[in-house]
1. For the chain, just say rounded, prolate or oblate: build the C-alpha gyration tensor, square-root its eigenvalues into a ≥ b ≥ c, call rounded for a/c under 1.5, and beyond that prolate if a/b exceeds b/c, oblate if not.
2. Just to be sure I understand: with springs between alpha-carbon atoms less than 10 Å apart, which residue in Ser159, Ser97, Ser86 has the highest mean-square fluctuation in the Gaussian network model of the chain?
3. How large is the helix-only mean residue ellipticity at 222 nm for the chain, computed as the sum of -39500 (n - 2.57) over DSSP H runs with n ≥ 4, divided by its residue count, in deg cm²/dmol to the nearest 500?
4. Nearest 0.05, what FRET efficiency do Phe146 and Asn194 give at R0 = 35 Å with Cβ-Cβ as r?
5. Assuming R0 = 25 Å, can you tell me the calculated FRET efficiency for the pair Ser72 and Asn179, based on Cβ-Cβ distance, to the nearest 0.05?
6. With a/c under 1.5 counting as rounded, go ahead and sort segment 22-149 into rounded, prolate or oblate using the C-alpha gyration tensor (a ≥ b ≥ c being the square roots of the eigenvalues; past the cut-off, prolate if a/b is larger than b/c, else oblate).
7. With the other protein chains left in place, how much accessible area per residue, in square angstrom, belongs to segment 167-207 at a 1.4 angstrom probe?
8. Carbon and sulfur: what percent of the chain's accessible surface (1.4 Å probe)?
Amino acid sequence: TVLIKLGIGSDTDLAEVSVPESIPDLESVKILIVDDQPFNLEVATNLLGYTGAAITTAASGEQALELLNTESFDIVLMDIQMPGLSGTEVSRKTRNSTSLNRNVPIIALTAGNTSEGEKDINEAGMNGIVFKPVEKERLYRVISKFLVTQRIQLDSLQSLGDEAFVIRMLNLFEENIRNDLEELKIAFAEQDLNRIQALTHKMIPPCRHLGLYDLVEMLKDMESSGHIRDPADLRKLEHMIHMAIRAVARELTTISLSHG
């Protein structure tokens, strides 16, 4: 047993905790970090821990590819030089796949800075580069550039009813938009232009009620054209809808927690 006599401290004795500035709000965003070096994984995970993102890690290219084929992510941070499957190989395989992550932003993590290396990264279909050692501001800036996020606004619903009404409408929105998206994917596959226009027209008002204006603009564009200019448009829409669904889930959780 050790007894230590301590004085009574005050707030001025507490060490100041340095929190990075300009931290992006990535709550509900799913990020995959891939690196075969545990040290690097811990650094990136710690930097992103401030953002509220849901982080998954992979210690090899093989593990990363398996995750990318089975789970949906919003952005991927990918080490380039790994034993076995390299980061560029994983990126190429993902781009050539039919998974939900086919068009997910993939950011290269590399210690190299040669133009030849950047050429390989671009040819692999990667979207950006963060050089090691990772600088937090550069990391946040690159992620914010490529990440499509959705935030909902409840003012409109709250003006129409009580909290029970808001909860009911959020659940109804989530259920309906999931079903509409699946029907829309079928309509695009069949190039049923009338059905595409009908579905996008139907989806716009609920999204407008929740303040999802970027999603509304994309749906309006699809409604007016009746088709997609590029297959990536549908995948972008799908990504935006999934982000909206997560935002709804977050609001429902917040309401539930407020009632203890």
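The values are calculated or read from the model by the stated rules, or taken from the named source; none is laboratory data. From a predicted model like this one, the values you see are computed outputs, not experimental measurements. Cβ sites come from the backbone with ideal geometry, for glycine too, and all protein chains shown count toward neighbours. With ligands, DNA and RNA removed, areas are computed over all heavy atoms of the protein, side chains included. Shrake-Rupley method; radii C 1.70, N 1.55, O 1.52, S 1.80 Å.
1. Numbers: a/c = 2.46, a/b = 1.19, b/c = 2.06.
It is oblate, given that a/c is not under 1.5 and a/b is not larger than b/c.
2. In the Gaussian network model the winner is Ser159.
3. On the way: 10 runs with 141 residues, N = 260.
Helix contribution divided over all residues of the chain: -17500 deg cm²/dmol.
4. Working: r = 34 Å, r/R0 = 0.98.
Efficiency for this residue pair is about 0.55.
5. Numbers: r = 18 Å, r/R0 = 0.71.
After rounding, the FRET efficiency stands at 0.90.
6. On the way: a/c = 1.38, a/b = 1.15, b/c = 1.21.
In terms of gyration-tensor shape, rounded.
7. On the way: 2320 Å² over 41 residues.
Roughly 57 Å² per residue, with all protein chains present.
8. Details: 7430 of 14610 Å².
Reported share for carbon and sulfur atoms: 51 percent.
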